[in-house]
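Have a look at the structure below, then the notes.
The values are calculated or read from the model by the stated rules, or taken from the named source; none is laboratory data. Not measured: the values here are computed from a predicted model. FYI the Cβ positions are ideal-geometry reconstructions off the backbone, even for glycines, and counts take in every protein chain you see. Surface accessibility is based on the protein's heavy atoms, side chains included, excluding ligands, DNA and RNA. Shrake-Rupley method; radii C 1.70, N 1.55, O 1.52, S 1.80 Å.
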Amino acid sequence: MTRKFRDPSEIPSSGNRKSRRAEGAAKAKAEDTNAIIHGEVPSREVLLQFITDNPDRASKREIAKAFGLKGDMRVELKQALRDLEDDGLVNKTRKSLARPGALPPVTVLDITTRDKDGELIGRPAEWPDDAGAAPAVLIRQSSADRAKGKTAVGGIGDRVLAKIFANKDRAGPAYTARVIKVIDRQRGAVLGVIRMMGEGAARLMPIERRGEEMQIDATDIGDAKDGDLVEVEVSRATRLGLTRARVLNVVGSVASEKAISMIAIHAHGIPYIFPQSVIDEAEAAKAASMAHREDWRQVPLVTIDPHDAKDHDDAVYAEPDSSEDNVGGVIVTVAIADVSYYIRPKSALDREALKRGNSVYFPDRVVPMLPERISNDLCSLREGVDRPALAVRMVFSAEGRKVRHTFHRIMMKSAAKLSYQQAQAAIDGQPDDKAGTLLEPILKPLWAAYAILKRGRDRRQPLELDMPERKIILNPDGTVDRVHVPERLDAHKLIEEMMIQANVSAAETLEAKRQKLVYRIHDAPTLSKQEVLREFLTTIGFSLVKGGNLRSNSFNGILAKAQDTPHQIIVNEMVLRSQSQAIYSPENIGHFGLNLMKYAHFTSPIRRYADLIVHRALVGSLGLGEGGITQEEEASLEDIAAEISTFERRAMAAERDTVNRLVAHHLAGRIGEEFEGKIGGVTKSGLFISLPQFGADGFIPVSTLGRDYYIYDEAHQALTGEKSGLGYQLGDTVDVRLVEAVPLAGALRFEMLSEGRKMPAGARSFHKAGGRGRKQPGTRPPRPRR
């Protein structure tokens, strides 16, 4: 299955009495600390403490309110907060500030256990591997609020959306939380794979890299067999020996590599079976009528997708603008499947779509957001079949500037279904029989329009990272055949740019209508990340401008300078790492990477819930008929945005874990073999090694690098021997030996064979980034950890 890529992609304080009391309490505490004078800018220590204690009220405006700052004092406060950012002591998140590594004001938590007082404890549902242990969060649920129904009730194993607060009790966890909504129930079981050990007893092999083996007695194994993926509960933990567990549920066999993706599906709690009520609702859906629609069935819209795509949610058409006021201009039409007609708010289909958030793509399967009856049939813009759509008609000048646009609810009939390669071959002079008939009337006008849109893109200068996508190709039996890097064609770029412009048009229209919506936002890199990048770039003779008004084109100059040099890979990697993560939010801060001020996802409602919300907002605000956004949805947009942002990260983690497991399975029979790899990550604990030919990553613990003591240098992204001065840096090409593969956990461990590069004493000038080290004499591999 193939994913279709179409674009690169704070809590407002309430004015109620309770919030004013909380504000007063915070103000009183602030005044008591370090003898603060109300109306004067507090010290750095007090500001940091306030931001730590009030993550939900850490915007500049709220801080000024808490300390009674007005006029010039607010300017001083702004400078003080900027100094804290420059020093890396706080990060800017949307419209508020947070301490590095702090939880956002609204977070998805998994409730995992109880403390000694019986209070529920949760941890973030998604947490970066390199950020250490996920912080514990104390779940506050008063019996009075529960009795009155004022708060959602969570329990062990539940996944919840929660409001985060700093814990004023310094003896407990750093955070407390109030449950806003229970997303999913009973997630407390541990997943693993059964390995029979004889006499009926078994071991549970972990599927997480940090997991532990457990022992399962014959009386607790139930119907599980060797190779089964099972859910267990811990029955007894001991100081000595393995923890004992009891099988609760047999998920299925993972003896075949074809089932590897099921491990990630269950480990990340991805819903993959549609409830019968959802199936029934989908099957009962009827084809859309012409009510409230314009008849565009004569417009020769075409779909251009991957060759194996099953759902087609976008179609395009372009023509010259005949208007005398726009000489040389073009009209671009983008039509998107009208999913909002079929998926109505509060329906079973809608509840399940929100629960999933997006479709999830694995090498061997797709877990769709919507049932096939909707995604592959009624909403798919099939060739020669009447289908409902929302279309945007955009007029561009010859210079690539958008002059105007209009939205329409239409009935269309796709003139043709083409693949990227098919369309590109026709433009390149090698059309097949089908594309040949479309070359003059449809394809050439599309490419002419793209040339004009590209002028606007070049002027806008979005971030141009060169990070090719790798695709795993499987054999019929589900094993890895090869890793393929698809060629990026102009056909891909054409569709991408037209989708971006359609997304911009959707955001602009909804803003003009003062309609609430979910934006796709991407914040600028934090000042602390900028400084890390800046320090690294100085080590290779590059520079990055200072200041808080960094633009995406500031990075493009660096990337262009590094192109076709030994620094190219490492510079692209470091620029990528400096970027913030794009998320969904009802509060707009623009999209830094695309260099756009107004941006919302509109073009993929079959596979993204965010796009469905935008469709409903357009239908409602423009009076286009049934299926518009409701007031209840508008009031919940903040919670919806937080949920779907988390589900997007969940999908990315599941996809990455599945690739790691598939490659670990593939390499498990090649222990002891030597490979050429690149250093893809540097941490205090060791080096991450990337094998580009397999799309895999493994680890070399720092303790196995040699007898020297290695110093971690974040600025240079390197480990350097204290005595020898030999070092390893991000991007270096090295030779390694595979010493351990743990397929179920997707883990690989390597031994370093290449000697580090000599660094000048004191300065540690890491020149020749990406250079080869010298190969060390053969050494015996250490025994794998068990």
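Sub-7 Å Cβ pairs linking a first residue in segment 285-300 that is over 30 Å from Leu439 (Cα atoms) to a second residue that is assigned to a loop (DSSP other than H, G, I, E, B), at least 6 apart or interchain, are Ala288/Asp338; Ala291/Gly625; His292/Leu624; His292/Gly625, ordered by first then second residue. Of note, Leu544 satisfies the criterion of being touching a Ser or Thr at 6+ places or on another chain (Cβ under 9 Å) and of a type outside the set (S, T, N, Q).
Taking segment 280-296 as the range and being open to solvent by 60 Å² or more (accessible area, probe 1.4 Å) and closer than 15 Å to Ala337 by Cβ as the test, only Ala287 passes.
Screening Leu103 on (1) touching a Phe, Trp or Tyr at 6+ places or on another chain (Cβ under 8 Å); (2) part of a helix (DSSP H, G or I); (3) of a type outside the set (Ser, Thr, Tyr) shows it passes everything except condition (2). Restricting to segment 532-578, count the residues that are open to solvent by less than 80 Å² (accessible area, probe 1.4 Å) and either β-branched (Val, Ile, Thr) or touching a strand residue (DSSP E or B) at 6+ places or on another chain (Cβ under 8 Å) (or both). So the count comes out to 9. For segment 719-733, the criterion of being more than 17 Å from Lys758 (Cβ to Cβ) and of a type in the set (Ser, Thr, Tyr) is met by no residue.
Contact annotation: residue pairs with Cβ atoms under 8 Å, 6 or more positions apart or on different chains, pairing a residue in segment 119-130 that is modelled with pLDDT of 80 or more and outside any loop (DSSP other than H, G, I, E, B) with a partner that is open to solvent by 70 Å² or more (accessible area, probe 1.4 Å) and of a type in the set (D, E, K, R), are Leu120/Arg114; Ile121/Arg114. Scanning segment 52-85 for residues being in a helix (DSSP H, G or I) and either modelled with pLDDT of 80 or more or more than 20 Å from Ala166 (Cβ to Cβ) (or both) gives a total of 20.
Within segment 306-328, the only residue that satisfies the criterion of being out of contact with any strand residue (DSSP E or B) (no Cβ under 6 Å at 6 or more places or on another chain) and surrounded by 22 or more Cβ atoms within 10 Å (Cβ to Cβ) is Asp311.
I'd like to verify a number: residues in segment 104-118 that are modelled with pLDDT of 80 or more, open to solvent by less than 20 Å² (accessible area, probe 1.4 Å), touching a Pro at 6+ places or on another chain (Cβ under 9 Å) and not polar (S, T, N, Q), how many?
2
Can you find a residue in segment 718-731 that is open to solvent by less than 10 Å² (accessible area, probe 1.4 Å), under 22 Å from Arg482 (Cα atoms) and assigned to a strand (DSSP E or B)? Scanning segment 718-731, I find no residue that is open to solvent by less than 10 Å² (accessible area, probe 1.4 Å), under 22 Å from Arg482 (Cα atoms) and assigned to a strand (DSSP E or B), so the answer is no. Within segment 592-632, the residues that satisfy the criterion of being open to solvent by less than 20 Å² (accessible area, probe 1.4 Å), part of a helix (DSSP H, G or I) and not small (Gly, Ala, Ser) are Tyr609, Asp611, Leu612, Ile613, Val614, His615, Arg616, Leu618, Val619.
Of everything in segment 401-424, what is among the aliphatic types (A, V, I, L, M) and open to solvent by less than 30 Å² (accessible area, probe 1.4 Å)? Give them in sequence order. Before you say what the answer is, go through the steps one by one.
The first filter runs over segment 401-424 and keeps only residues among the aliphatic types (A, V, I, L, M), leaving 403, 410-412, 415-416, 418, 423.
Selection gives Ile410, Met411, Met412, Ala416, Leu418, Ala423.
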